[in-house]
Every structure is written in C-alpha cells, then in structure tokens.
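Trainee: This is the structure I have questions about; it appears just below.
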Protein chains: 2
Amino acid sequence: MRIARTPRAVSAGVPAGDDAPRLRLRMRVMLGEAIAVGPGKIALLEALQRTHSINGAAKRLGMSYRRAWLLIDELNAALTEPAVRSATGGAHGGGSELTAVGEELVRLYRAIEQHAQQACADDIARLLGLLAR
Amino acid sequence: MRIARTPRAVSAGVPAGDDAPRLRLRMRVMLGEAIAVGPGKIALLEALQRTHSINGAAKRLGMSYRRAWLLIDELNAALTEPAVRSATGGAHGGGSELTAVGEELVRLYRAIEQHAQQACADDIARLLGLLAR
C-alpha cells in the first residue's frame, strides 16, 4: 500500500513521483519467528489467480518454480486448509487454482491494507506533511 | 504492532505465545527507494525520549553511537524541521531532545499503527482464523 501526499495520487491511486514521500504499509502474519503470510506469498497467490499455474505465477514474479512451489507448500501447511489446489495428470501435470481459503486469504489481506489506509488517511497525511519536499 | 488471535492478548496487549499467529504491521515512509521513516528510527526517537542522549538511546537499542547519529542525521534532513535537537557545550557535549516535530512524528506513527489495528480488528481476526493452530 503506497500513499502519496498529493490529493491526486491519494484519490486516484496514481503512482507518485520519486520525490513525493509515500507511506508503505506491510503486513505479515507471524508464527513464532516465521512469516506464515506476507506480501510475497499474497503476490504469489494473486499471480496464480491470473495464470492458473505455479510455473506461470513464478515467471510473472521473476522467481524460480522451486521457490514458488516451496512458498505455496509452506503456506498450505500453515493454514487450516490449503490455499492452492493443484490438478494432477495430463502431459503438463494440470494447472493450479486457489481454494476458497486461498481466495479468502487474499481478499482479507488486501481489504485490511485498504481499510487501514482509509481509516488513517488524516493522520497519514499529517505524518507525510512532516517530510520535506 | 502485534495482534494475537486470543481475545485476552488482543485486549490487554499481552505478548502471545510463540504458537499463536499474530499480525505484524510495519510502516515506512519512502522517499524514492530510501526509507525516510521506519520502525528503527521511531524506536530510536522513543529511546531518546527516555534517555535524553544519543549515546544512551544507542545503548538501549544495542546499536553504535555512530549508527544512531547517522540515523538521526538522515531523519533530520528528511523533515521540514529536525526531529532531534542536541545541546552543545559542557564536558559531555550536552544532551539531546526531541523537537516538537520529533514528538509529533512519534505520536502520529504510533497513532496510525494503533488506529489501523482497531479499525481492521474484525478482518484481522478473520485472517488469523485461517491459520492452523
């Protein structure tokens, strides 16, 4: 979540220029010292929503298939039910899809980011106002 | 900001056990690709509020005096007015204090963290509910 100081950028979500201060908010769900859910895994699930394959999602994010597979495996193990379901069989082993839990995880994560931004908009603007232009 | 799943920990701010999933929310103010304000600098300002000296604050956070000084110098340069004022003179060069801008920066940063947590409490609880115990 990036919030620039100019009203235009805030209201329209337009990327700000490099010289405008902006707030970056990152959420992670911690299990002990391990990151169970974070921006990287959420981006991976979103890439899967578009590509319907671990290989396609990995390429989209510039990571190896192996790394993508390990992140999904780790995520699936941390949840009450897996976030990703992979079809088996066929020449290419079938595709991968988000389960209902996977969809809900992405939805909640992004909803919290957006809601936090909206709820704190006044204080965020004040804080960014302390930064020199 | 850490939010554990159990009502006890949420309401009382009690640290959760290592086995309970918790949400960690980290905010950074970015200037281009540089972090102008982040958790480290805010913790340093808070340590200064208590110790009234850069050396004391650095020790409290387990960092070198030089690193603390550099962080403060960087922060001061990024703001409309410096966050820290250091007295000169005397055998030990005087102490350091937060300016009004420094106090306001800490206050806003923590207020946003807390407000974001409160505003999103329901969705945060739902998200943490997707994690296996």
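Read the figures in this text as sums done on the coordinates, not as results from a lab. The structure displayed is predicted, hence computed values, not measured ones. Every residue, glycine among them, receives a Cβ derived from its backbone with ideal geometry; neighbour counts consider all protein chains shown.
Trainee: What are the pairs, 6+ residues apart or on separate chains, where a residue within segment A:113-124 that is outside any helix (DSSP H, G or I) has its Cβ under 7 Å from a residue that is buried (at least 19 other Cβ atoms within 10 Å of the Cβ) and not aromatic (Phe, Trp, Tyr)?
Mentor: A:120/B:112; A:120/B:116
Trainee: Being within 20 Å of residue B:38 (Cα to Cα) and in contact with a Pro (Cβ under 9 Å, 6 or more places away or on another chain) narrows it down to one residue among A:132, A:78, A:121, A:116; which is it? Quick ask: steps written out before the conclusion?
Mentor: Values: A:78 fails: within 20 Å of residue B:38 (Cα to Cα); A:121 fails: in contact with a Pro (Cβ under 9 Å, 6 or more places away or on another chain); A:116 fails: in contact with a Pro (Cβ under 9 Å, 6 or more places away or on another chain).
The conditions single out A:132.
Residue by residue, here is whether (1) over 28 Å from residue B:28 (Cα atoms); (2) away from chain B (no Cβ under 14 Å); (3) surrounded by fewer than 17 Cβ atoms within 10 Å (Cβ to Cβ); (4) among the basic types (Lys, Arg) holds:
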{"position": "A:39", "(1), (2), (3), (4)": "no, no, yes, no"}
{"position": "A:64", "(1), (2), (3), (4)": "yes, yes, yes, no"}
{"position": "A:87", "(1), (2), (3), (4)": "yes, yes, yes, no"}
{"position": "A:102", "(1), (2), (3), (4)": "no, no, no, no"}
{"position": "A:118", "(1), (2), (3), (4)": "no, no, yes, no"}
{"position": "A:125", "(1), (2), (3), (4)": "no, no, yes, no"}
{"position": "A:131", "(1), (2), (3), (4)": "no, no, no, no"}
